[in-house]
Amino acid sequence: MSNLSTSTAKGPNARTRLLDAARDIIRAQGFASTSLDQLCTTAGVTKGSFFHHFQSKEALGVAAANYWSETTAALFASAPYHDHSEPLDRLLAYIDFRSDMIDGPIEGFTCLAGTMVQEMFGSSDAIREACNASISNHAATLEADILATMSKHGAPDGITPQSLALHTQAVLQGGFILAKAKGDPSIARDTVAHLKCYVEMLFAKGEAQ
């Protein structure tokens, strides 16, 4: 992932370093357990610099969710699943791409927005809304391919592009939770494999109708 924006010849600026630190630390240990001292030490900045860029830890959480959205959007926009000519192939290749990303330490492949919203949904509306936007806006990038697939192959009643796009994210986030609970990334890959089978069967059934 590329850095958001303002960098100098010496590297990312203080704001970007704080956002990078937040991305990595929060995914590893959660938002509440992440202290300002830890963020500042990891980013190599002072507390004064922190408060120059963010009014509060909550504001940092909102900015981190937005930063996550922007950097991951760039990753997915250039991903190879877009190269397929058929919309169903693109959708299935997206699922394969997500499976391939499940590698290494659990905190390295899980979603920052999903991690924060599980913890903060009841205590910070601002963070909850930022995380919702991150997850929902990413899901929306799949809707055009789902609609094109439905137009070509059909789909059972009650399936909409939005509902299926959000379902893909529900499965992914659930897989991340199970990987954390079991301490085993393979369960997340298994959930993604089931998602791919579901999508294949969904449109096979729709085409048969």
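With r defined as the distance between the Cβ atoms of Asp83 and Thr42 and R0 fixed at 35 Å, what FRET efficiency is calculated, to the nearest 0.05?
Once rounded, the FRET efficiency stands at 0.45.
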* **Cα-based helix-to-principal-axis angle, 87-100 vs the chain, degrees rounded to 10** => 40
* In Hz, Karplus ³J(HN,Hα) per residue of region 30-43 (6.51, -1.76, 1.60; θ = phi - 60°; x = Gly, Pro) -> x, 6, 4, 7, 8, 8, 4, 4, 5, 4, 5, 4, 5, 7
* Portion, in percent, of the accessible area of the chain that falls on carbon or sulfur, probe 1.4 Å -> 54
* Asked: How do 108-114, 17-23 rank on mean C-beta neighbours within 10 Å, highest first?
  -> 17-23, 108-114
* Taking a ≥ b ≥ c as the square roots of the eigenvalues of the Cα gyration tensor of region 110-189, is the shape rounded (a/c under 1.5), prolate (a/b larger than b/c) or oblate? -> oblate
* Structure fact -> Tilt, helix 161-182 to longest principal axis of the chain (alpha-carbon atoms), in degrees rounded to tens, equals 60
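What's the extension gain from Ala148 to His167 if we count 0.36 nm per residue and subtract their Cα-Cα distance? Don't skip to the answer; put the middle values down first.
On the way: separation 19, 0.36 × 19 = 6.84 nm, distance 1.73 nm.
Taking Ala148 through His167 to full extension adds about 5.1 nm, to one decimal.
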* To do: May I have the count of lysine pairs in the chain with C-alpha atoms under 28 Å apart, counting pairs 8 or more residues apart or located on different chains?
  => 9
* Qualifying GluC sites (Glu not before Pro) for region 103-196 [loop in DSSP, other Cβ within 10 Å: at most 13] -> none
* For Kirkwood radius over Cα pairs in Å, calculated from these coordinates, the label among [x] 18.3; [y] 17.3; [z] 18.9 -> [x]
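Let's test the formula: R0 of 25 Å, r as the Cβ-Cβ distance of Ala133 and Glu107. What FRET efficiency results, to the nearest 0.05? Before the final figure, lay out the partial values.
Numbers: r = 22 Å, r/R0 = 0.89.
With a Förster radius of 25 Å, E is 0.65.
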* Helix 57-77 axis, angle to the chain major axis (alpha carbon atoms, nearest 10°) -> 40
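The values are calculated or read from the model by the stated rules, or taken from the named source; none is laboratory data. Predicted model, so just to flag it, every value in this text is computed and none were measured. With ideal geometry, Cβ positions are generated from the backbone for all residues, glycine too; neighbour counts draw on all protein chains shown. In case anyone asks, the SASA skips ligands and DNA or RNA and just uses the protein heavy atoms, side chains included. Shrake-Rupley method; radii C 1.70, N 1.55, O 1.52, S 1.80 Å.
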